[in-house]
1. Among (1) surrounded by 14 or more Cβ atoms within 10 Å (Cβ to Cβ); (2) in contact with a His (Cβ under 6 Å, 6 or more places away or on another chain), where does residue 92 come up short?
2. Go through (1) on the phi > 0 side of the Ramachandran plot; (2) at pLDDT 95 or above; (3) loosely packed, with under 14 Cβ neighbours inside 10 Å and name the single condition residue 99 misses.
3. Just checking, does the stretch 4-23 include any residue being touching a strand residue (DSSP E or B) at 6+ places or on another chain (Cβ under 9 Å), part of a strand (DSSP E or B) and hydroxyl-bearing (Ser, Thr, Tyr)?
4. Kindly list the number of the only condition in (1) surrounded by 18 or more Cβ atoms within 10 Å (Cβ to Cβ); (2) under 15 Å from residue 19 (Cα atoms); (3) more than 16 Å from the chain's Cα centre (by Cα) that fails for residue 124.
5. May I ask you to list pairs of residues, at least six apart or on different chains, whose Cβ atoms are under 7 Å apart, with the first in the stretch 58-77 being within 10 Å of the ligand (Cβ to nearest atom) and the second being aromatic (Phe, Trp, Tyr)?
6. If you check residue 117 against the conditions, is it within 13 Å of the chain's Cα centre (by Cα) and away from the ligand (no atom under 16 Å from the Cβ)?
7. Which one of these is in contact with a helix residue (DSSP H, G or I) (Cβ under 8 Å, 6 or more places away or on another chain) and either within 11 Å of the ligand (Cβ to nearest atom) or of a type in the set (A, V, I, L, M, F, W, C) (or both): 97, 10?
8. Go through 105, 162, 150 for me and flag whichever is in contact (Cβ under 8 Å) with a residue 12 or more places away in the chain, of a type outside the set (Ser, Thr, Tyr), touching a Gly at 6+ places or on another chain (Cβ under 6 Å) and part of a helix (DSSP H, G or I).
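The values are calculated or read from the model by the stated rules, or taken from the named source; none is laboratory data. Predicted model, so just to flag it, every value in this text is computed and none were measured. Neighbour counts run over all protein chains shown; Cβ positions are idealised from the backbone, glycine included.
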Amino acid sequence: MEPIGIFYGSTYGMTEKSAENIKKAFGRTKVDVYNLATATIEDMKKYRNLIFGTSAWGIGEMQDDWEKFIDHLSEMDFSERKLALFGLGDQKEYPESFVDGLGTLYCRLPDKSSVVGAWPIEGYDFYFSLANKEGEFVGLVLDDHHQKELSAGRIKRWVTQLKKEFI
Ligand SMILES: Cc1cc2nc3c(=O)[nH]c(=O)nc-3n(C[C@H](O)[C@H](O)[C@H](O)COP(=O)(O)O)c2cc1C
C-alpha cells in the first residue's frame, strides 16, 4: 500500500492519541502523523492516502486548527487520492451534536468523491449528529470519554477496512 498521511486537529491531545493508535494499527505500512497546528498543504500533497481527524467543539464546530486550515483544501486535487475521516466526541455530554466536528469537516470538503471509510452508527447512544449521513457515519467515530474500552477494536476494524479501500 502507498504511504499514508494522517492530519489531526486536537485541543487536549485525545485526537492526537487516536491518530497515533491508528498509525500503530497499520503495522508495517508507512504512516506519517501531522498536527494541523504546524502542518502545511505541501505536507498533505505528498500523500495519495490521507486520513483527517478532528474533535468536536460546540454545535457544528471542528477543532480550531481545522477551522484555520480548511480553506487550503481547495488547493488539493482529490481525484487521484483516497481520503478517510475520523472524529472524537462525547455522546453523554453532547448527544445532540455528537461528533459534529467530523460532520462539518465532511461537509466542508471541496471534493467528497474520494472519501472512504464510512462507519456504522450502531453501538453509540445519541440523538443527533451532523456526521450521520443516511444512516452511516462519514468516518470512524471514537468516544474516549465513555467508550474508551471499545476504541482499540474499532480502530483495528476500521484500519482493516481502509487497507482494502486505500490505494
Ligand atoms: C466546550 C466543549 C464543547 C464540546 N462540544 C462537543 C460537541 O458538540 N459534540 C461532541 O461530540 N463532543 C464535544 N466535546 C467533547 C470533545 O470533542 C472531546 O472531549 C474530544 O475527545 C476532545 O479531543 P481533543 O483533545 O483531541 O480536542 C466538547 C468538549 C468541550 C470541552
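1. (1)
2. For residue 99, the exception is condition (3).
3. Looking through the stretch 4-23, at least one residue is touching a strand residue (DSSP E or B) at 6+ places or on another chain (Cβ under 9 Å), part of a strand (DSSP E or B) and hydroxyl-bearing (Ser, Thr, Tyr).
4. Residue 124 satisfies every listed condition except (2).
5. From the stretch 58-77, the pairs are 63/57.
6. For residue 117, the condition - within 13 Å of the chain's Cα centre (by Cα) and away from the ligand (no atom under 16 Å from the Cβ) - is met.
7. Every option except 10 fails the conditions.
8. Result of the check over 105, 162, 150: 162.
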